[in-house]
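A.B. asks: So that we are looking at the same thing, I have put the structure below in structure tokens.
The values are calculated or read from the model by the stated rules, or taken from the named source; none is laboratory data. Note that the coordinates shown come from a computational prediction; the quantities given were computed from them, not determined experimentally. Glycine also receives a Cβ, built like all others from the backbone with ideal geometry; neighbour counts cover every protein chain displayed.
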Amino acid sequence: MEKSCKDIEEMLVDYTDGQLSPSDSSKVAEHLATCEHCRRMLDGLRKSLELAGVIWDDSLSETENIRIPAAKTRKIHWPRYAVIAASIFLVATTSVVRRTLTRPKRSELTFAEIERKITESGNAARLLAATELLAEYPDAQPIADQQYRYIAETYPETTAANKAKSKIQ
């Protein structure tokens, strides 16, 4: 039974190098006698191997004059290096832990907190505007004073609260 071209192609490198068993080698030779495609593959493979050999020989001739001095072998003192590495690791870890524990926490505002502050500021400003309109009427002054106090107590961090405090005093 004759092997397919794919099986033969997988064996071509070993065939070219003479690494196949005699029976496999004869099967490849029989297939090559009848298959033009596989003969072209073998020819291309041989040319590639020949070119690789020329490049290899050329590279070797350039490196023949290079002398690499023999390196002196030193005994590595592993325990000393291990102690140094452990010390560095211990100092770095201690530093990180200490900074983490002693550093005051930053109060970074989240988007929701920013949105809440903007909403409170807007509400306080609208309420202050309505209270100022109400304060224009003399009969409504006690209600206006009560509203100024409400704004100052409910929205203490807003600009409207500061204005309301100035109206009360």
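A.B. asks: Residues Y137, Y155: which one is without any contact (Cβ under 8 Å) to a residue 40 or more places away in the chain, buried (at least 16 other Cβ atoms within 10 Å of the Cβ) and among the aromatic types (F, W, Y)?
C.D. replies: Result of the check over Y137, Y155: Y155.
A.B. asks: Here's another thing I want to ask about it. Any residue at all in segment 98-108 that is outside any helix (DSSP H, G or I) and modelled with pLDDT of 80 or more?
C.D. replies: no
A.B. asks: Can you tell me which residue is modelled with the highest pLDDT among those in segment 130-166 that are part of a loop (DSSP other than H, G, I, E, B) and among the aromatic types (F, W, Y)?
C.D. replies: Residue satisfying both the conditions and the ranking: Y155.
A.B. asks: List, please: which pairs have Cβ atoms under 7 Å, are six or more places apart or on different chains, and start with a residue in segment 47-63 that is surrounded by 10 or more Cβ atoms within 10 Å (Cβ to Cβ) and end with one that is modelled with pLDDT of 70 or more?
C.D. replies: Between residues of segment 47-63 that are surrounded by 10 or more Cβ atoms within 10 Å (Cβ to Cβ) and residues that are modelled with pLDDT of 70 or more, the close pairs are L49/T16.
A.B. asks: Residues that are over 47 Å from the mean Cα position of the chain (by Cα) and at pLDDT 85 or above: find the helices (runs of 4 or more DSSP H) completely inside segment 1-89 holding 3 or more of those.
C.D. replies: Correct list: 22-34, 36-63.
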